[in-house]
Amino acid sequence: MNCGKVQASISDYVDGRLPERETLEFEKHIGSCPICAGELDETRRMVSALRSLAVPRSPVDLWPQVRESIQAAERPAPAWSFLVRPVLIAPAAIAAAAAAAMLILPLPKQVPENFPALSASEYRGYVTEHLRFQKRPFADPDVVFTAVELDRTNIRTNGE
Amino acid sequence: MTEQTDQAVVQRVLAGDTDEFSTLVNKYQDRIYSVALNYVSNPEDAMDIAQETFLKAYSNLRRFDSASAFYTWLYRIAVNTAIDFLRKRKSRPADSLDDEKYTEVGFEPESKDRAVDPEDVAAQREQARILRKAISMLSDKLRAVIILHDVEGLSQEEVADILKIPVGTVKSRVSRARAELRRILRKMMGDAV
(Lines give C-alpha, C1' and ligand atoms only; values in the text may rest on other atoms or scores of the structure.)
Protein backbone atom coordinates (compact mmCIF):
# COMPACT_ATOMS: atom_id res chain seq x y z
CA MET A 1 0.00 0.00 0.00
CA ASN A 2 1.35 3.44 -0.91
CA CYS A 3 0.64 6.75 0.85
CA GLY A 4 -2.17 7.69 -1.55
CA LYS A 5 -4.06 4.45 -1.01
CA VAL A 6 -3.51 4.59 2.75
CA GLN A 7 -4.74 8.17 3.04
CA ALA A 8 -7.81 7.35 0.96
CA SER A 9 -8.53 4.48 3.34
CA ILE A 10 -8.11 6.40 6.61
CA SER A 11 -11.82 7.17 6.96
CA ASP A 12 -12.82 3.53 6.46
CA TYR A 13 -10.10 2.38 8.84
CA VAL A 14 -11.29 4.78 11.56
CA ASP A 15 -14.83 3.39 11.11
CA GLY A 16 -13.58 -0.19 11.19
CA ARG A 17 -14.87 -0.73 7.69
CA LEU A 18 -11.64 -1.75 6.00
CA PRO A 19 -11.50 -5.43 4.93
CA GLU A 20 -9.17 -7.55 7.04
CA ARG A 21 -6.48 -7.99 4.41
CA GLU A 22 -6.38 -4.27 3.64
CA THR A 23 -6.34 -3.52 7.34
CA LEU A 24 -3.11 -5.48 7.76
CA GLU A 25 -1.49 -3.67 4.84
CA PHE A 26 -2.79 -0.34 6.15
CA GLU A 27 -1.35 -0.90 9.61
CA LYS A 28 1.97 -2.08 8.18
CA HIS A 29 2.26 1.14 6.20
CA ILE A 30 1.22 3.33 9.14
CA GLY A 31 3.92 1.70 11.26
CA SER A 32 6.61 2.85 8.87
CA CYS A 33 5.22 6.17 7.55
CA PRO A 34 5.09 9.09 10.00
CA ILE A 35 3.19 11.29 7.52
CA CYS A 36 0.32 8.82 7.11
CA ALA A 37 0.44 8.05 10.84
CA GLY A 38 0.01 11.77 11.49
CA GLU A 39 -2.94 11.95 9.09
CA LEU A 40 -4.57 9.01 10.82
CA ASP A 41 -4.05 10.54 14.26
CA GLU A 42 -5.47 13.89 13.10
CA THR A 43 -8.57 12.23 11.63
CA ARG A 44 -9.14 10.19 14.77
CA ARG A 45 -8.93 13.25 16.99
CA MET A 46 -11.27 15.20 14.74
CA VAL A 47 -13.87 12.42 14.63
CA SER A 48 -13.67 12.10 18.41
CA ALA A 49 -14.16 15.87 18.79
CA LEU A 50 -17.14 15.81 16.40
CA ARG A 51 -18.86 13.17 18.53
CA SER A 52 -18.66 15.57 21.49
CA LEU A 53 -20.90 18.05 19.60
CA ALA A 54 -23.96 15.87 20.09
CA VAL A 55 -26.27 17.56 22.54
CA PRO A 56 -27.36 15.25 25.37
CA ARG A 57 -30.80 16.78 25.77
CA SER A 58 -33.16 19.44 24.56
CA PRO A 59 -33.20 22.50 26.82
CA VAL A 60 -37.00 22.50 27.01
CA ASP A 61 -39.82 20.02 26.69
CA LEU A 62 -41.16 20.57 23.19
CA TRP A 63 -44.47 18.76 23.59
CA PRO A 64 -46.52 21.64 25.10
CA GLN A 65 -45.57 23.92 22.19
CA VAL A 66 -46.11 21.19 19.61
CA ARG A 67 -49.50 20.31 21.09
CA GLU A 68 -50.54 23.96 21.09
CA SER A 69 -49.60 24.30 17.42
CA ILE A 70 -51.43 21.08 16.54
CA GLN A 71 -54.56 22.24 18.35
CA ALA A 72 -54.40 25.65 16.68
CA ALA A 73 -54.10 24.03 13.27
CA GLU A 74 -56.95 21.62 13.94
CA ARG A 75 -59.30 24.16 15.48
CA PRO A 76 -62.27 24.55 13.10
CA ALA A 77 -62.70 27.97 11.57
CA PRO A 78 -65.63 29.94 13.04
CA ALA A 79 -68.92 29.84 11.12
CA TRP A 80 -68.64 33.51 10.23
CA SER A 81 -65.11 33.20 8.84
CA PHE A 82 -66.39 33.21 5.24
CA LEU A 83 -67.48 36.80 5.86
CA VAL A 84 -63.98 37.90 6.82
CA ARG A 85 -62.39 37.02 3.56
CA PRO A 86 -64.31 39.36 1.24
CA VAL A 87 -64.10 42.13 3.82
CA LEU A 88 -60.34 41.80 4.16
CA ILE A 89 -59.49 40.87 0.61
CA ALA A 90 -61.60 43.45 -1.23
CA PRO A 91 -59.89 46.55 0.21
CA ALA A 92 -56.50 44.90 -0.16
CA ALA A 93 -57.21 44.13 -3.81
CA ILE A 94 -58.38 47.69 -4.43
CA ALA A 95 -55.25 49.09 -2.79
CA ALA A 96 -53.02 46.76 -4.81
CA ALA A 97 -54.77 47.72 -8.06
CA ALA A 98 -54.38 51.41 -7.24
CA ALA A 99 -50.69 50.97 -6.49
CA ALA A 100 -50.20 49.07 -9.76
CA ALA A 101 -52.05 51.78 -11.69
CA MET A 102 -49.82 54.46 -10.17
CA LEU A 103 -46.77 52.56 -11.35
CA ILE A 104 -48.08 51.96 -14.86
CA LEU A 105 -49.88 55.22 -15.72
CA PRO A 106 -47.67 58.22 -16.70
CA LEU A 107 -47.43 61.03 -14.16
CA PRO A 108 -48.78 64.40 -15.30
CA LYS A 109 -46.16 66.86 -16.52
CA GLN A 110 -45.03 69.29 -13.86
CA VAL A 111 -44.37 72.10 -16.34
CA PRO A 112 -47.22 74.60 -16.64
CA GLU A 113 -48.61 75.22 -20.13
CA ASN A 114 -47.81 78.94 -20.09
CA PHE A 115 -44.24 78.50 -18.90
CA PRO A 116 -42.32 81.54 -20.14
CA ALA A 117 -39.75 81.05 -22.86
CA LEU A 118 -36.50 82.35 -21.42
CA SER A 119 -33.02 82.56 -22.82
CA ALA A 120 -30.35 80.09 -21.74
CA SER A 121 -28.54 82.67 -19.62
CA GLU A 122 -31.81 83.62 -17.90
CA TYR A 123 -32.49 80.01 -17.20
CA ARG A 124 -29.05 79.40 -15.78
CA GLY A 125 -29.50 82.37 -13.48
CA TYR A 126 -32.94 81.18 -12.46
CA VAL A 127 -31.72 77.67 -11.73
CA THR A 128 -28.73 78.91 -9.75
CA GLU A 129 -31.05 81.03 -7.65
CA HIS A 130 -33.42 78.11 -7.21
CA LEU A 131 -30.64 75.79 -6.08
CA ARG A 132 -29.39 78.44 -3.67
CA PHE A 133 -32.84 78.56 -2.10
CA GLN A 134 -32.97 74.83 -1.84
CA LYS A 135 -29.83 74.79 0.30
CA ARG A 136 -31.49 77.01 2.86
CA PRO A 137 -32.83 75.30 5.98
CA PHE A 138 -36.52 74.45 5.85
CA ALA A 139 -36.71 75.41 2.16
CA ASP A 140 -39.02 73.24 0.09
CA PRO A 141 -36.90 71.65 -2.64
CA ASP A 142 -39.12 71.35 -5.67
CA VAL A 143 -37.00 68.62 -7.15
CA VAL A 144 -39.23 67.69 -10.05
CA PHE A 145 -39.65 71.27 -11.14
CA THR A 146 -35.92 71.96 -10.91
CA ALA A 147 -35.15 68.88 -12.97
CA VAL A 148 -37.49 70.06 -15.71
CA GLU A 149 -35.94 73.52 -15.57
CA LEU A 150 -32.45 72.07 -15.91
CA ASP A 151 -33.63 69.92 -18.78
CA ARG A 152 -35.10 72.88 -20.61
CA THR A 153 -31.96 74.91 -19.94
CA ASN A 154 -29.85 72.21 -21.58
CA ILE A 155 -32.19 72.09 -24.56
CA ARG A 156 -32.03 75.82 -25.02
CA THR A 157 -28.27 75.93 -24.45
CA ASN A 158 -27.69 73.21 -27.01
CA GLY A 159 -30.09 74.92 -29.36
CA GLU A 160 -28.24 78.25 -29.24
CA MET B 1 -38.89 1.48 23.44
CA THR B 2 -38.58 -0.68 20.37
CA GLU B 3 -39.32 0.35 16.82
CA GLN B 4 -42.43 -1.82 16.87
CA THR B 5 -43.89 0.34 19.62
CA ASP B 6 -43.10 3.47 17.60
CA GLN B 7 -45.27 2.00 14.88
CA ALA B 8 -47.96 1.22 17.44
CA VAL B 9 -47.85 4.78 18.74
CA VAL B 10 -48.14 6.10 15.19
CA GLN B 11 -51.21 3.93 14.66
CA ARG B 12 -52.82 5.23 17.85
CA VAL B 13 -52.17 8.84 16.81
CA LEU B 14 -53.63 8.14 13.39
CA ALA B 15 -56.66 6.63 15.09
CA GLY B 16 -57.30 10.01 16.70
CA ASP B 17 -55.34 10.00 19.96
CA THR B 18 -53.35 13.20 19.42
CA ASP B 19 -51.82 13.14 22.91
CA GLU B 20 -50.10 9.85 22.07
CA PHE B 21 -47.86 11.90 19.79
CA SER B 22 -46.24 13.24 22.97
CA THR B 23 -44.61 9.80 23.37
CA LEU B 24 -42.74 10.30 20.11
CA VAL B 25 -41.90 13.94 20.84
CA ASN B 26 -40.53 13.10 24.28
CA LYS B 27 -38.58 10.17 22.91
CA TYR B 28 -36.89 11.95 20.01
CA GLN B 29 -36.79 15.63 20.94
CA ASP B 30 -33.21 15.45 22.25
CA ARG B 31 -31.84 13.88 19.08
CA ILE B 32 -33.79 16.17 16.77
CA TYR B 33 -32.76 19.23 18.77
CA SER B 34 -29.13 18.09 18.59
CA VAL B 35 -29.25 17.74 14.81
CA ALA B 36 -30.89 21.14 14.49
CA LEU B 37 -28.37 22.83 16.79
CA ASN B 38 -25.46 21.38 14.86
CA TYR B 39 -26.98 22.77 11.69
CA VAL B 40 -27.77 26.28 12.86
CA SER B 41 -25.57 26.77 15.96
CA ASN B 42 -28.24 28.82 17.69
CA PRO B 43 -30.42 27.27 20.45
CA GLU B 44 -33.48 29.41 19.69
CA ASP B 45 -33.39 28.57 15.98
CA ALA B 46 -32.68 24.93 16.81
CA MET B 47 -35.78 24.78 19.01
CA ASP B 48 -37.89 26.34 16.27
CA ILE B 49 -36.58 23.76 13.79
CA ALA B 50 -37.18 20.89 16.22
CA GLN B 51 -40.71 22.10 16.87
CA GLU B 52 -41.41 22.53 13.17
CA THR B 53 -40.01 19.04 12.54
CA PHE B 54 -42.53 17.48 14.93
CA LEU B 55 -45.36 19.54 13.50
CA LYS B 56 -44.50 18.43 9.97
CA ALA B 57 -44.23 14.84 11.17
CA TYR B 58 -47.66 15.06 12.79
CA SER B 59 -49.24 16.70 9.74
CA ASN B 60 -47.74 14.11 7.39
CA LEU B 61 -48.11 11.08 9.63
CA ARG B 62 -50.39 9.36 7.13
CA ARG B 63 -47.58 9.55 4.56
CA PHE B 64 -45.13 7.78 6.88
CA ASP B 65 -44.07 4.50 5.31
CA SER B 66 -44.26 1.98 8.11
CA ALA B 67 -41.73 -0.20 6.28
CA SER B 68 -38.98 2.14 7.49
CA ALA B 69 -38.09 3.24 10.99
CA PHE B 70 -40.01 6.19 12.39
CA TYR B 71 -36.88 7.91 13.68
CA THR B 72 -35.11 7.83 10.30
CA TRP B 73 -38.20 9.47 8.78
CA LEU B 74 -38.13 12.06 11.57
CA TYR B 75 -34.42 12.73 11.02
CA ARG B 76 -35.09 13.27 7.32
CA ILE B 77 -37.74 15.86 8.12
CA ALA B 78 -35.36 17.55 10.57
CA VAL B 79 -32.50 17.71 8.04
CA ASN B 80 -34.79 19.12 5.34
CA THR B 81 -36.28 21.65 7.76
CA ALA B 82 -32.81 22.76 8.86
CA ILE B 83 -31.61 23.09 5.25
CA ASP B 84 -34.72 25.14 4.36
CA PHE B 85 -34.11 27.32 7.40
CA LEU B 86 -30.49 27.96 6.41
CA ARG B 87 -31.49 28.81 2.85
CA LYS B 88 -34.01 31.35 4.12
CA ARG B 89 -31.43 32.73 6.55
CA LYS B 90 -28.76 33.21 3.89
CA SER B 91 -29.78 36.84 3.51
CA ARG B 92 -29.15 37.38 7.19
CA PRO B 93 -25.62 37.42 8.64
CA ALA B 94 -24.63 34.22 10.43
CA ASP B 95 -24.15 35.92 13.77
CA SER B 96 -25.05 32.96 15.90
CA LEU B 97 -21.80 31.09 15.47
CA ASP B 98 -19.95 33.67 17.49
CA ASP B 99 -22.68 34.24 19.98
CA GLU B 100 -21.19 33.62 23.37
CA LYS B 101 -24.37 33.96 25.39
CA TYR B 102 -25.38 30.36 24.86
CA THR B 103 -23.90 27.31 26.49
CA GLU B 104 -23.31 24.24 24.38
CA VAL B 105 -26.55 22.61 25.47
CA GLY B 106 -28.64 25.63 24.69
CA PHE B 107 -30.20 27.54 27.53
CA GLU B 108 -28.82 25.23 30.17
CA PRO B 109 -27.10 27.01 33.03
CA GLU B 110 -23.40 26.43 33.20
CA SER B 111 -22.29 23.50 35.30
CA LYS B 112 -22.13 24.16 39.00
CA ASP B 113 -19.96 21.11 39.56
CA ARG B 114 -16.89 22.43 41.31
CA ALA B 115 -14.83 19.51 40.09
CA VAL B 116 -15.17 20.82 36.54
CA ASP B 117 -12.24 22.96 35.54
CA PRO B 118 -13.55 26.24 34.07
CA GLU B 119 -10.58 26.34 31.72
CA ASP B 120 -11.49 22.92 30.39
CA VAL B 121 -15.09 24.03 29.91
CA ALA B 122 -13.95 27.16 28.08
CA ALA B 123 -11.59 25.14 25.89
CA GLN B 124 -14.32 22.63 25.06
CA ARG B 125 -16.72 25.41 24.23
CA GLU B 126 -14.20 27.06 21.96
CA GLN B 127 -13.48 23.76 20.27
CA ALA B 128 -17.21 23.18 19.72
CA ARG B 129 -17.61 26.70 18.30
CA ILE B 130 -14.76 26.17 15.84
CA LEU B 131 -16.02 22.74 14.81
CA ARG B 132 -19.55 24.02 14.22
CA LYS B 133 -18.22 26.90 12.19
CA ALA B 134 -16.15 24.49 10.09
CA ILE B 135 -19.19 22.22 9.61
CA SER B 136 -21.23 25.22 8.46
CA MET B 137 -18.70 25.73 5.66
CA LEU B 138 -19.32 22.28 4.18
CA SER B 139 -21.74 21.74 1.31
CA ASP B 140 -25.28 20.60 2.21
CA LYS B 141 -24.52 17.01 1.20
CA LEU B 142 -21.29 16.70 3.16
CA ARG B 143 -22.70 18.57 6.17
CA ALA B 144 -25.60 16.15 6.41
CA VAL B 145 -23.38 13.06 6.59
CA ILE B 146 -20.96 14.64 9.06
CA ILE B 147 -23.78 15.68 11.42
CA LEU B 148 -25.70 12.42 11.18
CA HIS B 149 -22.74 10.03 11.10
CA ASP B 150 -19.91 11.64 13.02
CA VAL B 151 -21.80 13.93 15.42
CA GLU B 152 -24.99 11.97 16.06
CA GLY B 153 -23.24 8.62 15.76
CA LEU B 154 -25.72 7.04 13.36
CA SER B 155 -24.50 4.12 11.26
CA GLN B 156 -23.86 4.50 7.55
CA GLU B 157 -26.91 2.31 6.90
CA GLU B 158 -29.12 4.59 9.02
CA VAL B 159 -27.73 7.69 7.28
CA ALA B 160 -28.41 6.04 3.92
CA ASP B 161 -32.00 5.41 4.99
CA ILE B 162 -32.44 8.99 6.21
CA LEU B 163 -30.96 10.64 3.14
CA LYS B 164 -32.38 8.05 0.70
CA ILE B 165 -28.99 7.36 -0.87
CA PRO B 166 -26.98 4.12 -1.21
CA VAL B 167 -24.68 3.09 1.66
CA GLY B 168 -21.70 3.28 -0.70
CA THR B 169 -22.52 6.94 -1.36
CA VAL B 170 -22.70 7.62 2.38
CA LYS B 171 -19.32 5.94 2.83
CA SER B 172 -17.64 8.03 0.15
CA ARG B 173 -19.33 11.22 1.40
CA VAL B 174 -18.15 10.57 4.96
CA SER B 175 -14.60 10.16 3.69
CA ARG B 176 -14.81 13.32 1.55
CA ALA B 177 -16.49 15.29 4.30
CA ARG B 178 -13.79 14.41 6.83
CA ALA B 179 -11.03 15.32 4.40
CA GLU B 180 -12.78 18.61 3.60
CA LEU B 181 -13.39 19.35 7.26
CA ARG B 182 -9.74 18.75 8.07
CA ARG B 183 -8.74 21.11 5.29
CA ILE B 184 -11.11 23.78 6.62
CA LEU B 185 -9.92 23.31 10.19
CA ARG B 186 -6.27 23.52 9.14
CA LYS B 187 -7.03 26.74 7.34
CA MET B 188 -8.96 28.14 10.30
CA MET B 189 -6.35 27.21 12.85
CA GLY B 190 -3.23 27.90 10.83
CA ASP B 191 -2.21 24.32 10.16
CA ALA B 192 -2.69 23.27 13.76
CA VAL B 193 -5.75 21.08 14.22
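The values are calculated or read from the model by the stated rules, or taken from the named source; none is laboratory data. Worth saying up front: this structure is predicted, and the values here are computed from it rather than measured. A quick note on method: Cβ atoms are made from the backbone with ideal geometry, for glycine too, and the neighbour counts reach across all protein chains shown.
Is it true that B:VAL10 is β-branched (Val, Ile, Thr), more than 12 Å from chain A (Cβ to nearest Cβ), in a helix (DSSP H, G or I) and touching a residue at least 24 places away in the same chain (Cβ under 8 Å)?
Values: β-branched (Val, Ile, Thr): yes; more than 12 Å from chain A (Cβ to nearest Cβ): yes; in a helix (DSSP H, G or I): yes; touching a residue at least 24 places away in the same chain (Cβ under 8 Å): yes.
Yes, satisfied.
What are the residue pairs meeting all of these: first residue in region A:1-16, first residue among the charged types (D, E, K, R), second residue surrounded by 18 or more Cβ atoms within 10 Å (Cβ to Cβ), Cβ atoms under 8 Å, and 6 or more apart or on different chains?
From region A:1-16, the pairs are A:ASP12/A:LEU18; A:ASP12/B:LYS171; A:ASP12/B:SER175; A:ASP15/B:GLN156; A:ASP15/B:VAL174.
Considering only residues of region B:161-179 that are within 11 Å of another protein chain (Cβ to nearest Cβ) and among the charged types (D, E, K, R), which is nearest to B:ASP150 (Cα to Cα)?
Result: B:ARG178.
Tally the residues that are at the interface with chain B (Cβ under 10 Å from one of its Cβ atoms) and either farther than 25 Å from B:TYR39 by Cβ or at pLDDT 90 or above (or both), restricting the search to region A:73-90.
Step one: list which residues in region A:73-90 are at the interface with chain B (Cβ under 10 Å from one of its Cβ atoms), which gives A:73-74.
Restricting the remaining residues to those that are either farther than 25 Å from B:TYR39 by Cβ or at pLDDT 90 or above (or both) gives A:74.
The qualifying residues number 1.
Going by the conditions given, is B:GLY153 outside any helix (DSSP H, G or I) and within 12 Å of chain A (Cβ to nearest Cβ)? Reasoning before the result, please.
Working: outside any helix (DSSP H, G or I): yes; within 12 Å of chain A (Cβ to nearest Cβ): yes.
Yes.
Quick one: A:LEU24 ticks every box in (1) within 14 Å of chain B (Cβ to nearest Cβ); (2) exposed (fewer than 13 other Cβ atoms within 10 Å of the Cβ); (3) assigned to a helix (DSSP H, G or I) bar one, so which box is it?
With (1) within 14 Å of chain B (Cβ to nearest Cβ); (2) exposed (fewer than 13 other Cβ atoms within 10 Å of the Cβ); (3) assigned to a helix (DSSP H, G or I) applied to A:LEU24, the lone miss is (1).
Can you give me the number of residues within region B:116-175 that are of a type outside the set (D, E, K, R), under 21 Å from B:ASN80 (Cα atoms) and under 17 Å from the mean Cα position of the chain (by Cα)?
Count: 24.
For region A:46-58, which residues satisfy the criterion of being at the interface with another protein chain (Cβ under 7 Å from one of its Cβ atoms) and either assigned to a helix (DSSP H, G or I) or among the hydrophobic types (A, V, I, L, M, F, W, C) (or both)?
Scanning region A:46-58 gives A:MET46, A:VAL47, A:ALA49, A:LEU50, A:ARG51, A:LEU53, A:ALA54, A:VAL55.
For the list (1) assigned to a helix (DSSP H, G or I); (2) modelled with pLDDT of 90 or more; (3) within 10 Å of another protein chain (Cβ to nearest Cβ), I need the number of the one condition that A:ASP61 fails.
(1)
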